[in-house]
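Chemist: Have a look at this one before I ask anything.
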Amino acid sequence: MELALSTILVSCFTCVGLLALLAATSDRHWFLRMATFLAAISLTLLIPAYEVFVAFAIQGLVAANCLAAYRWLVHGYRPNLSRYRLADLLLAMLILSLLFAVRAHLPELNRLAWTNVVMIGGVAGLATCIGGWIGCGSILRVWARGLCGLAVATLLALALLPNDWFFISMVSQGLAVSWPPEPTPGSINGIFGGPQEDDIMWSWVGVTAATALLIGLGACLATAISDAAKSRTALWGIVAVFALLIANPAVVTFYLLATPLPIPHVDPLDENGYEQLVAAGNIAENWDFNATLDGYDAATPQQLEAAVVKMAPAYELLAAGLAKPTRIPIDYESVDSLDVLEITKLRNLARICGGRGRLAQVEGRTDDAVNSYLDAIRLGAALRQDALMVHALVGFGCAGTGMRGLYEVREELTVERCRQAIAELERLELRPGEAEGFLDRDHIWTQHAMGWHGRLTQLLSDFCEPDWGFSDSGFIGSCQQYNAENALLRTELALAAFYREHETYPAQLAGLVPTYLAQTPVDPFNHNGQALPYRAKQDGYVLYSLGRDRDDDGGDEESDDSELDSNFWYAEGGDLRLSIRYTPDPPVNEDYNEDDDYGFGTGQE
């Protein structure tokens, strides 16, 4: 991704730099030259990318002033101010009007961001000047000037390194860096430390050096054309090929940024159950067992009963919300519309469902326990309707609470109750294409709500990792894991029903079809679309999924070699077994902080 972004930056800075040099050295009227330059960089306002416009304007301003200073000091050129008339003043007012209009629409960035924009524009302007200096003179001098210019351009990049946030905000996936940057107390950027990776920052050296050299090459071609008495056609052909190669990345990027994916049209619901779910979530925020991951598992029946009674209004609102069609409202044009805290409150609804189910389980009310656990799974499905990735992940966490509870009571259920639960789980399974729908909506939201920066990040990610980026591939794995756990649970319920009627387990899963299962469950992690691995044993059976590594380890539990919490969606390694995944008494995580729980777990509380 660093190479792709560097290529785009070099293309943009080179095009703007050559245009600035042309405007500064042309014999045309000053207004025509300035208007042409501003018109070219004003295309960024169509995106709109005001920070980019400011950086390009600074680049042109620095290049023009440095060239004027060079003419003054070396050639003794003095501008004739007496030739400027009232008409020129009026024309200058037009230029100022455009600049003031841009100023009125500038985003509210912090000082760190604007410092970054100004420094990038200034360094690009100085690189433009170096390129112009390289290109003027004889061919022999060009080589010597090129080496000197390369050294100076490298020094310019070194001045930018400790103060840059833009580059790392584009390519540092997994780091807590965004645009506009949020200053971290006590940290310094770039090569002197901070949240950045040094190898990313050093890309500015290549960008600055390549910009200077390409502008120098363009200036050489322009000088050759002006000096050539013959063969101008061939030279113009070389210039055309040069311009096409240099401008192509900038033109393609501009087109893609100016034409984001269209916002999908969604018909509003007459009655949206999401409102009741949010109201229930606000009540469930006071659930007595939200403080630790084990939650209600360590509670006494008396504590559970008191907590469940206190949550009676939340249960009523939850039932009312689940009885209606549900859709989370999404404003694709506002980043503030994604209220993560509100979404995570809904995770508490799954906890109160799990607590009520556990109380019913302790008291021997198995049917009531199943209903409560199924409510948690239905809640997870309700949060996925036409939603974004974060909503789906919270939904998987909610469903995981219910599936864990169902797994614990499976051997206590009647055959008919098993069939009912299996049918409900099959109905709530992710359908083909549903996971890709989440990604598409997330990409659209990113491109519109997060402005040009988010759009460019998305384009770079799609270009460099067309089969999904880091977060996208991780989310696809979460979807597959949800379906794998759903398929495993359906099969576990079918095996429990089979054992209740036959006092033994089938030799193969095909023996469950069609009496207990409509068809043999397929392992979502199996590339060949084969059924879940199953082995009947004398004292039971082994049932598992291949897991995220897609290797058949014979039913070995998921490994923790990466020292990542296996409760979360990014865990890898080993086979997926519900007997391990839904351990009845998970250990308490002493480092758990309720404020940091975004509901991404899929199994344990």
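The values are calculated or read from the model by the stated rules, or taken from the named source; none is laboratory data. Just so you know, these numbers come straight off a predicted model, no measurement behind them. Don't worry about glycine lacking a Cβ; one is built from the backbone with ideal geometry, like all the others, and counts go over all protein chains shown. For the accessible areas, the whole protein counts, side chains as well, though only heavy atoms, and no ligand, DNA or RNA atoms are used. Shrake-Rupley method; radii C 1.70, N 1.55, O 1.52, S 1.80 Å.
Chemist: Would you tally the net charge around Ala449, using a Cβ to Cβ cut-off of less than 15 Å, leaving Ala449 out, and scoring K and R as +1, D and E as -1?
Modeler: So the environment of Ala449 carries a net charge of -4.
Chemist: Same structure, new question: How many nm is it between the label spots at Asp549 and Cys148, if each spot is 7 Å from the Cα in line with the beta carbon?
Modeler: Calculated label separation equals 6.0 nm.
Chemist: Roll a 1.4 angstrom probe over the protein heavy atoms and tell me the percent of accessible area of the stretch 332-479 that is carbon or sulfur.
Modeler: Whole-percent figure for carbon plus sulfur exposure: 50.
Chemist: Another question, then. How much length is gained on full extension from Tyr70 to Ala312, taking 0.36 nm per residue of separation minus their Cα-Cα distance?
Modeler: 79.1 nm is the gain from fully extending Tyr70 to Ala312.
Chemist: Further question on the same structure: Please give the FRET efficiency for His502 paired with Glu436, using the beta carbon to beta carbon distance and R0 = 51 Å, rounded to the nearest 0.05.
Modeler: 0.80
Chemist: Given labels modelled 7 Å from the Cα in the Cβ direction, how far is it in nm from Asn528 to Val266?
Modeler: 4.0
Chemist: Considering only protein heavy atoms, what is the solvent-accessible area of Glu342 at a probe of 1.4 Å, reported in Å² to the nearest 10?
Modeler: 60
Chemist: What figure, in Å² to the nearest 10, do you get for the accessible area of Leu91 with a 1.4 Å probe and non-protein molecules left out?
Modeler: We get 50 Å² for Leu91.
Chemist: Same structure, new question: Using a 1.4 Å probe, what is the accessible area per residue for the stretch 1-41, in Å²?
Modeler: 46
Chemist: Let me ask something else. Taking 60 Å as R0, compute the FRET efficiency from the Cβ-Cβ separation of Val415 and Leu45 and round it to 0.05.
Modeler: 0.35
Chemist: Amide H neighbours of Leu576 under 5 Å, at least 5 residues apart or on other chains, H built in the peptide plane: list them.
Modeler: Ser545, Leu546, Gly547
Chemist: Search the structure for amide H atoms under 5 Å from the amide H of Arg327, placed 1.01 Å from N in the peptide plane, and list their residues when 5 or more places away or on another chain.
Modeler: Under 5 Å from the amide H of Arg327: Gly273, Tyr274.
Chemist: Ok, one more. How far apart, in nm, are the 7 Å Cα→Cβ label points at Glu333 and Asp368?
Modeler: With each label placed 7 Å out from Cα toward Cβ, I get 5.0 nm.
Chemist: Protein chains only, probe 1.4 Å: how do His391, His502 rank by accessible area, largest first?
Modeler: Descending order: His502, His391.
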